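J.: Here it is, the structure, as C-alpha cells.
The values are calculated or read from the model by the stated rules, or taken from the named source; none is laboratory data. From a predicted model like this one, the values you see are computed outputs, not experimental measurements. Because the Cβ atoms are built from the backbone with ideal geometry, glycine has one as well, and the counts that use them run over all protein chains shown. Areas reflect the complete protein model, heavy atoms only, side chains present, ligands, DNA and RNA absent. Shrake-Rupley method; radii C 1.70, N 1.55, O 1.52, S 1.80 Å.
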Amino acid sequence: MGTVRGRGVGSVGGGRAAQAAEVAAGALVAGAADMAKSSRENGPRAPAAGGSLSGTRESLAQGPDAATADELSSLGSDSEANGFAERRIDKFGFIVGSQGAEGALEEVPLEVLRQRESKWLDMLNNWDKWMAKKHKKIRLRCQKGIPPSLRGRAWQYLSGGKVKLQQNPGKFDELDMSPGDPKWLDVIERDLHRQFPFHEMFVSRGGHGQQDLFRVLKAYTLYRPEEGYCQAQAPIAAVLLMHMPAEQAFWCLVQVCEKYLPGYYSEKLEAIQLDGEILFSLLQKVSPVAHKHLSRQKIDPLLYMTEWFMCAFARTLPWSSVLRVWDMFFCEGVKIIFRVGLVLLKHALGSPEKLKACQGQYETIEQLRSLSPKIMQEAFLVQEVIELPVTERQIEREHLIQLRRWQETRGELECRSPPRMHGAKAILDAEPGPRPALQPSPSIRLPPDAALLSSKAKPHKQAQKEQKRTKTSAQLDKSPGLSQATVVTASGDACPPQGVSPKAPGSQDPVPQDPTPQNLACHHSQESLTSQESEDTYL
C-alpha cells in the first residue's frame, strides 16, 4: 500500500520491474491491509533502559551525554542550533537548495495581497455570518489562495478545529501531560526526523518543531486509542504545525481524521482501499486513455494513490501547490484530493505520446512517482483542479457502488467509520444544537494612545477626523472633571477613563458617551481591532 503503520510511507514502486510485478500480483488486496498493520508486526522497541519515554513535551529533550555522543543532536529549536545559520531560508521555511525548497515562484502583487488580507480579516471576524450567507464567496477566495499571514487561522475556521477547541477547553493539555501508550511512543519518536527534515522547524533533533510534533501525535493516540498512530498522520500534523501552535494543530488533525478522511488511518485502511477504487472508476470518465493503460498493465490504484491521498499530497507536490491544494481541501473537502489525483493521472498517462515511455508496470509506476514539474506547477494545477467536473454527488454515488461490490466479495467492513463531510459548510451544518459564535483572537494590538488612519479614506475625511480630534481635545482641556488620561481608540473616538463622567458641566458640545459597559468601551485599542480597523492596519 505504500503507507504502513510503523513503516515508511511511499515505498511502492522502487526496485526492478519484476519487483513491481510481484507487488502488483501478490500484495494488492490482502497486502494493502497487511502493510497497514500496526507496529505489532513491526515490533515496536521497548524504551531504552534508564530512559523510558514520559510521553510529555520534555520526552525528546537530550541529556548532556546524548548531546555529546551524537553530533547530529541539537538542543536548539531552529536551524541556527543545528549549524544552518548561514544558509538561506525560503519564504516557506525550507533551506534554499534543499529538496523541499522551490525556485522561482509566481508572486502575488503586494496590493492584491493586502486587499485579500483585508477581505479575509473581514470574513474571519464575522465567520458565522459569512458561512451562513456567503459560503460561495468563501469558496472562491479559497480557490484564489488564502493569504499566508492568515492561512493558519483560516484553516482552523474552515476545518471546524476552532469550534472543537472551544468545545473542549483544556483537553489537549490533559492529553499532553498524560504519559501515553508505550506501544506508540517509540514508533512516533522514530518517525520525527523523517518529517520535512530540511524545514527550519524540524531540522533540529529535539527542537521545538519535533517536540510539538511528538506532542500532537501522542495526544491523538490518547484521544483515539482504538485508532492509534499511522505514519501518514505525521506529515499532516507537521504541515499544520508550520501554520499554528500545537493545540490548534491537534484539533485540526482531529478534524482531518474524523471529518475529511474518516477511516484513512485505521488499522485495516479499508477507507483508502475503497477510495482507490472510486478514483479508478472516475478516471474512466476523465481520461479513458489513462484508465485503459492502467487496466491493461493490471496496476492497482493502491500502488500510486496511497501516499497521495493519505498525506493529502504534502509529500508529492511542490510546496506552493501543496498550500493551494490544502486551502481548497479545507473548504471543499475530499473532492479536491480526488480532483488533484485525476489531474495528475490524466496529464501523466493521458496521451499516446506519454505512454510510449510506459511499456510495463515498472515504467508506469516510475512515471507516476516522478511526475513532470509542469503538471505540478501551482497555477496550472490549481486551474485544472477548479475546472475538473467531479462533484461530491459523483463521489458519493461511486462510493455506494464500490461499497456494494466490497460487501459482495469481502463481506462487511471491519472499521465502521463516521460519514465523510464534504468541506467546511457540511462540517458546520453538522454541529449539534446552538453554539456560541466564534470569537476571533486578537491578532493586532495597539498601544492605548495610538490613533489609526485608514489609507483608503479620502483626504477630506481624514481632515474631518483631525478636526474632530482637535475639537474633542480642546473640550477635554476645558473640562475640570475629566482626566487628561483619556484614551483615544483606534477609530479616533474619545474613551473616558473608568469612574469619570463623560459629560462636563457647562460644556455646549459634550463628548458622546458610549452606551456599552466601561470595560468594553476601549475594546478596540486595548484588545483587538474590528474587521474594518484591521483592514486599515493592513492597507
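J.: Tell me, what % of the accessible area of segment 142-257 is carbon and sulfur with a 1.4 angstrom probe?
T.: 49
J.: Residues of segment 253-313: accessible area per residue at 1.4 Å, in Å²?
T.: It amounts to 25 Å² per residue over segment 253-313.
J.: Subtract the Cα-Cα distance of residue 377 and residue 88 from 0.36 nm times their separation in residues, and report this length gain in nm to one decimal.
T.: Net length gain for the segment: 101.8 nm.
J.: Largest first, what is the accessible-area ranking of 258, 200 with a 1.4 Å probe?
T.: So the residues, ranked largest to smallest area, are 200, 258.
J.: Would you mind giving the average projected area, over all directions, of the Cα convex hull of segment 136-282 in nm² with one decimal?
T.: Result: 10.3 nm².
J.: State the volume of the convex hull built on the alpha-carbon positions of segment 89-212, expressed per residue in Å³ and rounded to an integer.
T.: Convex hull of Cα atoms, per residue: 149 Å³.
J.: Provide the net charge surrounding residue 350, with neighbours chosen by a C-beta distance below 14 Å and charges set as Lys +1, Arg +1, Asp -1, Glu -1.
T.: Spelling it out: positives minus negatives among the neighbours equals +4.
J.: Of all accessible surface on segment 329-400 at a 1.4 Å probe, what whole percent is carbon and sulfur?
T.: Roughly 53 percent, rounded to a whole number.
J.: Highest first, please rank the peptides 407-413, 189-195 by the mean number of other Cβ atoms sitting within 10 Å of their residues.
T.: Ranked by mean Cβ neighbours within 10 Å, highest first: 189-195, 407-413.
J.: Additional query: Taking only protein heavy atoms and a 1.4 Å probe, what accessible area per residue, in Å², does segment 157-239 have with all protein chains in place?
T.: Per-residue value: 32 Å².
J.: Follow-up. Is segment 296-346 best put as rounded, prolate or oblate by its Cα gyration tensor, with a ≥ b ≥ c the root eigenvalues, rounded for a/c under 1.5, and otherwise prolate when a/b is larger than b/c, oblate when not?
T.: The shape class here is prolate.
J.: What fraction of the Cα pairs in segment 215-313, stated in percent, has a spacing above 25 angstrom?
T.: 30
J.: Roughly how many debye, to the nearest 20, is the charge dipole of segment 134-284 about its Cα centre, given +1 on each Lys and Arg Cβ, -1 on each Asp and Glu Cβ, and no other charges?
T.: That gives a dipole near 1060 debye.
J.: Right, another one. Just to be sure I understand the model, the point goes 7 Å from the Cα along the line to the Cβ. What's the resulting residue 177 to residue 298 distance in nm?
T.: 5.9
J.: Same structure again: Can you check what the net charge comes to around residue 334, using other residues whose Cβ is under 11 Å from the Cβ of residue 334 (Lys, Arg +1; Asp, Glu -1)?
T.: Taking every other residue near residue 334 into account, the sum is 0.
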